[in-house]
Amino acid sequence: MIQRKQTLFLLFAVIAIAICLFLPVASIAAKTMGGDTMVYNLGVVGEAGMRISTTCVPLFLLLAVSAIIALVNIFLYKNLKLQKSLCSLAMLFAGLWYVDYIVMFMGLIPVPEAEGTMKFQFAACLPLVAII
């Protein structure tokens with residue numbers, strides 16, 4: 001099972017997505033006095049502490065579904081056709097994560113817990129690693 005190349009790639013994708021779920025994907029530099037606010041896939045961490053944000057929950061759900069599909073896909077090594085279909089579905093969810101992230105980054109869906117300039121963080125690259 002683990003000796004196949006696609007299984008190792010799927011395992012690497014699951015690990016990359018899991019790391020992305022726990023690291024900040026963006027930071028928001030405050031317009032006024034105060035520290036930066038870190039944006040995670042599930043919420044926002046600022047001076048007031050961690051808050052679950054309705055703006056960030058879709059990011060979490062898309063990545064979680066992608067990780068679950070990729071993890072289940074590891075054990076479907078006997079059915080290559082189904083494995084290819086599920087890989088495409090996991091890649092679709094990771095791509096939709098980027099669509100939601102860019103929409104949030106451009107300010108079309110504002111993060112109500114913080115105002116300011118949004119900056120990328122390293123973890124935003126990890127779903128792309130999982131797609132590749």
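The values are calculated or read from the model by the stated rules, or taken from the named source; none is laboratory data. Just so it is clear, the structure is predicted and the values come from calculations on it, not from any experiment. Here the Cβ positions follow ideal geometry from the backbone for every residue, glycine too, while neighbour counts run over all protein chains shown. Calculation scope for accessible area: heavy atoms of the full protein, side chains included, ligands and nucleic acids excluded. Shrake-Rupley method; radii C 1.70, N 1.55, O 1.52, S 1.80 Å.
For residue 66, the requirement of being of a type outside the set (A, V, I, L, M, F, W, C), in contact (Cβ under 8 Å) with a residue 60 or more places away in the chain and in a helix (DSSP H, G or I) is met.
With the requirement that a residue be β-branched (Val, Ile, Thr), buried (at least 17 other Cβ atoms within 10 Å of the Cβ) and not in a strand (DSSP E or B), what does segment 31-49 give you? Within segment 31-49, none qualify. Tallying residues that are assigned to a loop (DSSP other than H, G, I, E, B), in contact with a Ser or Thr (Cβ under 8 Å, 6 or more places away or on another chain) and open to solvent by 50 Å² or more (accessible area, probe 1.4 Å) within segment 80-132 yields 5. Let me confirm something: among 72, 57, which residue is surrounded by fewer than 18 Cβ atoms within 10 Å (Cβ to Cβ) and either in contact with a His (Cβ under 9 Å, 6 or more places away or on another chain) or farther than 29 Å from residue 115 by Cβ (or both)? Exactly one residue qualifies, and that residue is 72.
Screening residue 63 with (1) under 20 Å from the mean Cα position of the chain (by Cα); (2) open to solvent by 20 Å² or more (accessible area, probe 1.4 Å); (3) within 28 Å of residue 116 (Cα to Cα) gives one miss only, at (2). Tell me whether segment 1-20 contains one or more residues that are at pLDDT 90 or above and assigned to a loop (DSSP other than H, G, I, E, B). No; the residues of segment 1-20 include none that is at pLDDT 90 or above and assigned to a loop (DSSP other than H, G, I, E, B). Exactly one residue out of 52, 28 is open to solvent by less than 30 Å² (accessible area, probe 1.4 Å) and touching a Gly at 6+ places or on another chain (Cβ under 6 Å), and it is 28.
Residues in segment 65-122 that are in contact with a helix residue (DSSP H, G or I) (Cβ under 6 Å, 6 or more places away or on another chain) and farther than 30 Å from residue 8 by Cα were compared, and the one that is modelled with the highest pLDDT is 118.
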